Amino acid sequence: MTIDIYWRIGMEGDHASLRTPRRYNRGHANGYAPGNIAPAIRAGALDGYGYIDHMAAVAKASESAGFLGGLLPSFPVTDDPWAVAAALAGETTTYRFMVAFQPGFLHPVQAARMSASLQRATGGRLVYNIISGGGGPAQLWWGDKVAHDDRYARTSEFLDVLRGVWDGEPYDHEGRFFRTEGAALAPGIAGQPFPEVYFSGSSAAAVHAAGRHADYYLSWLEPFADLRAKFDGVRANAGSIGRTPKFAVRIDVVARHTEEAAWAEIEKGWAFVDRGAAERAAKGDSVGAARIQGWVPETITGYRDLEVQPNVWCGFSLIRGGPAFGLVGSYEQVAQRLDELIDLGVDAFILAGNPHLEEAYRVGEEVLPLLGRSRLTASAAAASPSPAR
C-alpha cells in the first residue's frame with residue numbers, strides 16, 4: 001500500500017512560527033512593515049522578490065523533501081489557485097498541484113478546458129480539491145446565496161457536466177444549474193488524464209455527493225474514533241452505488257526532536273489565543289466546522305486541556321486560522337500517529353506547518369522517512385532521504 005503525501009502552500013501569506021500567529025511577515029497580508037520578506041523593503045523600495053517567488057520556493061522545497069505535491073487553498077484573501085498552479089508548474093518537475101475551487105463560480109465546460117490545458121502543459125499534474133463552500137460571510141463575499149444542500153447538488157451536477165465533455169464527444173445537458181448543447185473539448189486537449197478528485201464535507205448532502213464523485217474523501221483531522229465512524233459512513237454510502245472511495249486527512253504538524261520541544265512551541269503560541277477570532281471564522285453552515293466546535297471545551301485552564309488523545313491537539317484554530325486539530329510531538333510520535341491513521345484507512349495526507357518553507361524541509365526530512373519508504377508513493381519515496389541514526 002502506498003500513501004500520497006501533499007504539503008500545503010500558504011497562499012494567504014505566512015508567519016514565522018506559531019509564536020507570531022497573527023503577524024504575517026511573508027507576503028503583504030499585513031502590509032510592508034520592517035522585517036517583512038517576499039517582498040521586503042530595501043533601500044526604501046520593494047525588492048522585487050514577490051510572494052509568488054516565495055510560494056515557488058515552498059513548492060521546490062517540499063518537492064525535494066519528498067512530498068508528492070502541494071495544496072493551493074482558495075480564500076477571498078488569496079491569489080487564484082489556477083493561476084498559481086500554472087505559474088509554479090515550470091518551477092517543479094513531478095510536483096502535483098491540488099487546486100482548491102468552488103464549482104459554483106466557474107462553468108463546468110470552461111473548467112474542463114482550463115483543466116485539460118493544464119494537464120497537457122504539465123504532463124498530468126493537476127489534482128482537484130472540490131469545495132462546496134461553508135456558508136456565512138465568506139460565501140457571501142463570492143456573491144453566492146445558494147443554500148447548503150443545494151450547493152452540493154450544484155457541485156455534483158458540475159462534475160457530471162465536466163466529465164461529460166472531457167473526452168471530446170459532443171455533450172448535451174439540461175440540468176438544474178447548468179445547460180450545454182453539443183459541448184466538447186477541442187481535439188488537442190480532449191482525453192487528457194482526468195484529475196483526481198479530493199472531495200470534502202461532513203453533512204449528509206456532502207457524503208452523498210462524495211459517494212458519487214470522490215476519488216479521495218478529504219476530512220480535517222478529528223479524534224481517531226470519530227474519524228473512523230465518518231469514514232464508515234462515507235464507505236457505506238459509496239458502496240451502495242458500487243464505488244469504493246479512498247480517504248485523505250488534512251493535518252497541521254508541530255514536530256520536533258523531543259515531545260517537550262514540540263509542546264514548548266505550542267506554549268509560546270498559546271499567548272496569542274483568540275477564541276473570538278476562531279468563532280468568527282467558524283460562522284456559516286459548515287457541518288464540519290460545527291463538529292470541530294463541539295470538541296473545544298468552554299472552560300480551558302491550559303493548552304494541554306485540548307489534547308484529546310496522545311499528540312492530537314485541537315487548539316490550532318485558537319491561535320491561527322484554519323483547522324482546529326493537528327499533531328504535536330516528537331518526530332517518532334508524529335510518525336506513529338500517522339501510521340495509526342494509515343491503519344485506520346487513510347490513503348493520503350495533506351500536511352502543513354508554519355512557516356511552510358522551513359517546516360516542509362523539517363517534516364520531509366525527519367518525519368516522512370519514519371513512515372517506511374514502502375508506504376510512500378514512488379516519486380515521493382525516491383526523494384525522501386533516509387534519516388541519519
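The values are calculated or read from the model by the stated rules, or taken from the named source; none is laboratory data. Keep in mind that what you see is a predicted model, and the values were worked out from it rather than measured. Cβ placement follows ideal geometry from the backbone for every residue including glycine, while neighbour counts extend to all protein chains displayed. Heavy atoms of the whole protein, side chains included, go into the accessibility calculation; ligands, DNA and RNA do not. Shrake-Rupley method; radii C 1.70, N 1.55, O 1.52, S 1.80 Å.
Since only Ala206, Val334, Ala57 are under comparison, the one whose Cα sits farthest along the positive direction of the charge dipole of the chain, derived from C-beta charges on Lys, Arg, Asp and Glu, is Ala57. Sorted into 10 angstrom bins from 0, the C-alpha pair distances of region 194-233 split as 30, 54, 15, 1 percent.
Ligands, DNA and RNA left out, the accessible area of region 37-151 computed with a 1.4 Å probe is 56% carbon and sulfur. The convex hull defined by the C-alpha atoms of region 7-60 has an orientation-averaged projected area of 3.8 nm².
Scanning residues 5 or more positions from Asp347 or on other chains, those with amide H under 5 Å from its amide H are Phe247, Ala248, with H placed 1.01 Å from N in the peptide plane. Here His28 and Asp53 are evaluated by their C-beta separation; at R0 = 22 Å the FRET efficiency comes out at 0.95. Antiparallel DSSP bridges in region 130-254: what percent, to the nearest 5? Once the DSSP bridges in region 130-254 are tallied, antiparallel ones form about 25 percent. Subtracting the Cα-Cα distance of Ala147 and Thr299 from their residue separation scaled by 0.36 nm leaves 51.4 nm.
The residues of region 1-129 have, on average, 38 Å² of accessible surface per residue, using a 1.4 Å probe with all protein chains present. Among beta bridges identified by DSSP and lying wholly in the chain, the antiparallel ones come to about 20 percent. Computed from the C-beta positions of Glu181 and Glu91, the FRET efficiency with R₀ = 45 Å rounds to 0.70.
By the rule of a C-alpha distance below 18 Å, with chain neighbours fewer than 8 residues away ignored, the aspartates and glutamates paired with Lys230 are Asp215, Glu222, Glu340, Asp343, Asp347.
Work from the charge dipole of the chain (Cβ charges, +1 for Lys and Arg, -1 for Asp and Glu, about the Cα centre) and give the residue of Thr244, His28, Val84 farthest towards its positive end. Of the options given, the answer is His28.
Stokes-Einstein D for region 1-129 at 25 °C, 0.890 mPa s, Kirkwood Rh over Cα pairs, in µm²/s?
Details: Rh = 15.7 Å.
Using the Kirkwood radius from Cα pairs, D works out to 156 µm²/s.
The charge dipole of the chain, taken about its Cα centre with unit charges on the Cβ of Lys, Arg, Asp and Glu (plus for the first two, minus for the last two), comes to roughly 220 debye. Could you tell me what percent of the accessible area of region 335-374 is made up of carbon and sulfur, with a 1.4 Å probe and every protein chain present? Solvent-exposed carbon and sulfur of region 335-374 make up 40 percent of the total. Taken over the chain, the percentage of Cα pairs per 20 Å bin, counting from 0 up to the bin with the maximum distance, is 27, 61, 12, 0. Projecting the Cα atoms of Gly66, Leu221, Met114 onto the dipole axis of the chain, where Lys and Arg carry +1 and Asp and Glu carry -1 at the beta carbon, places Met114 farthest toward the positive end.
Dividing the mean sequence gap of close Cα pairs (under 8 Å, 6+ apart) by how many residues the chain holds gives a relative contact order of 21 percent. Once both labels are positioned 7 Å from their Cα atoms along Cα-to-Cβ, the gap between Ile37 and Glu340 label points is 3.5 nm. Based on Cα contacts under 8 Å between residues 6+ apart, region 59-214 shows a relative contact order of 22 percent. Mean residue ellipticity at 222 nm, helices only, the chain: -12000 deg cm²/dmol; runs of at least 4 DSSP H residues each add -39,500 (n - 2.57), and the sum is divided by the number of residues.
Measuring max minus min along each principal axis, the C-alpha atoms of region 140-196 give extents of 37, 25, 17 Å (largest first).
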